[in-house]
1. Being of a type in the set (Gly, Ala, Ser) and modelled with pLDDT of 90 or more is the filter here, so list the residues in segment 126-157 that pass it.
2. Going residue by residue through segment 10-21, is there one that turns out to be part of a helix (DSSP H, G or I) and crowded, with 16+ Cβ neighbours inside 10 Å?
3. Looking at segment 22-39, I want the residues that are closer than 20 Å to Cys142 by Cα and have a partner that is hydrophobic (A, V, I, L, M, F, W, C) and open to solvent by less than 80 Å² (accessible area, probe 1.4 Å) with Cβ atoms under 7 Å, at least 6 apart or on another chain. Which pairs are those?
4. For segment 111-141, how many residues meet the condition of being among the hydrophobic types (A, V, I, L, M, F, W, C), in contact (Cβ under 8 Å) with a residue 12 or more places away in the chain and either in contact with a Leu (Cβ under 6 Å, 6 or more places away or on another chain) or open to solvent by 30 Å² or more (accessible area, probe 1.4 Å) (or both)?
5. Kindly indicate the residue of segment 86-98 that is closer than 18 Å to Ser115 by Cβ, assigned to a loop (DSSP other than H, G, I, E, B) and not acidic (Asp, Glu) and also farthest from the chain's Cα centre (by Cα) among those meeting that condition.
6. Looking at Lys102 and the list (1) over 15 Å from Glu42 (Cβ atoms); (2) of a type outside the set (Ser, Thr, Tyr); (3) open to solvent by 70 Å² or more (accessible area, probe 1.4 Å); (4) touching a helix residue (DSSP H, G or I) at 6+ places or on another chain (Cβ under 7 Å), which single condition is not satisfied?
7. From the list Leu46, Leu82, exactly one residue is free of Cβ contacts under 8 Å to residues at least 24 places away in the same chain and within 25 Å of Val136 (Cα to Cα). Which is it?
8. Considering each residue of segment 58-85, count those that are assigned to a loop (DSSP other than H, G, I, E, B) and either polar (S, T, N, Q) or within 25 Å of the chain's Cα centre (by Cα) (or both), and give that number.
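The values are calculated or read from the model by the stated rules, or taken from the named source; none is laboratory data. Note that the structure is predicted; figures quoted are calculated from it, not measured. Neighbour counts run over all protein chains shown; Cβ positions are idealised from the backbone, glycine included. Surface areas here come from the heavy atoms of the whole protein model, side chains and all, with no ligands, DNA or RNA. Shrake-Rupley method; radii C 1.70, N 1.55, O 1.52, S 1.80 Å.
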Amino acid sequence: MRKKGFTLIELLAVIVILAIIALIAVPQILNIMYKTKLAAAEDSTLGIAYSAENYIGNFMMSNEGAIPSDGLTFVCDGECILDTSNILDNYDLENLIQLEFKGKKPTGGMIKIDSDGKSITVDDLLIGDFVCNYPVDGRASCINKDEVDKNKPLIIPTGESNPSGWSQSKTVTIDYKGSAGTY
C-alpha cells in the first residue's frame, strides 16, 4: 500500500524550478526598483529647478525687479538655503531665504541663478544614492553617486562626510555663512 505524499525527488524538482524562477525574476525586480528611484531623483531635481524659477519671480517682485550682480546661490543640506554672502543689505529677503519644493530633499549641492534671472543651474544635488544636475540636454540628469567622476569637485555641506572615493582636496565645502573654500 502506497502512502499519499510527494517523494524527495519531486520536492527537489519543485525547489529547483522555484530557484530558477527566482534567479530570473530578482534581477529584473531590482532593476525596476533602481529605475524608479532614478526617475524619482530626476523628478525631484526638476521640481527644485521649477521652484527656483518661482523664487526668481518672488525675489524680483520683492526687490523692484533687481537681482544681485553675482546672481543668487542656494546651498542644499536637507533644505536649499540662500547664500547671502554676495547680497547687499538693500535687498528685501523676508520670507525669501529658502526654496520651497516638494519631493526628496537633497543632502548636498547647489542651485545657481544668474544675474538676469534667466538661467538656472543645479549642480551636484545629492538626492538619495544619486548625484543630479540640471540642465543636461534640456532635462534633469542623475547618476549613481558611485559612478561620478572622482576627479570632479563635489559640493557637500560642512559636517557631511565625503562619499567613498572623493579626496578631501577635490571637495568644495560650504559653511553656510557664505564662504566657500577647497580643503
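1. Result: Gly128, Ala140, Ser141.
2. First, the residues of segment 10-21 that are part of a helix (DSSP H, G or I): 10-21.
Pick out the ones that are also crowded, with 16+ Cβ neighbours inside 10 Å and you get none.
Looking through segment 10-21, none of the residues is part of a helix (DSSP H, G or I) and crowded, with 16+ Cβ neighbours inside 10 Å.
3. Leu38/Phe130; Leu38/Cys142
4. In the first step, residues of segment 111-141 are kept if they are among the hydrophobic types (A, V, I, L, M, F, W, C); the result is 111, 113, 120, 122, 125-127, 130-132, 136, 140.
Next, only the ones that are in contact (Cβ under 8 Å) with a residue 12 or more places away in the chain stay: 111, 113, 120, 122, 125-127, 130-132, 140.
Subsequent filtering for residues that are either in contact with a Leu (Cβ under 6 Å, 6 or more places away or on another chain) or open to solvent by 30 Å² or more (accessible area, probe 1.4 Å) (or both) retains 113, 132, 140.
So the answer is 3.
5. Result: Asn90.
6. (1)
7. Values: Leu46 fails: free of Cβ contacts under 8 Å to residues at least 24 places away in the same chain.
Result: Leu82 is the single residue among Leu46, Leu82 that is free of Cβ contacts under 8 Å to residues at least 24 places away in the same chain and within 25 Å of Val136 (Cα to Cα).
8. Residues flagged as assigned to a loop (DSSP other than H, G, I, E, B) and either polar (S, T, N, Q) or within 25 Å of the chain's Cα centre (by Cα) (or both) within segment 58-85 amount to 8.
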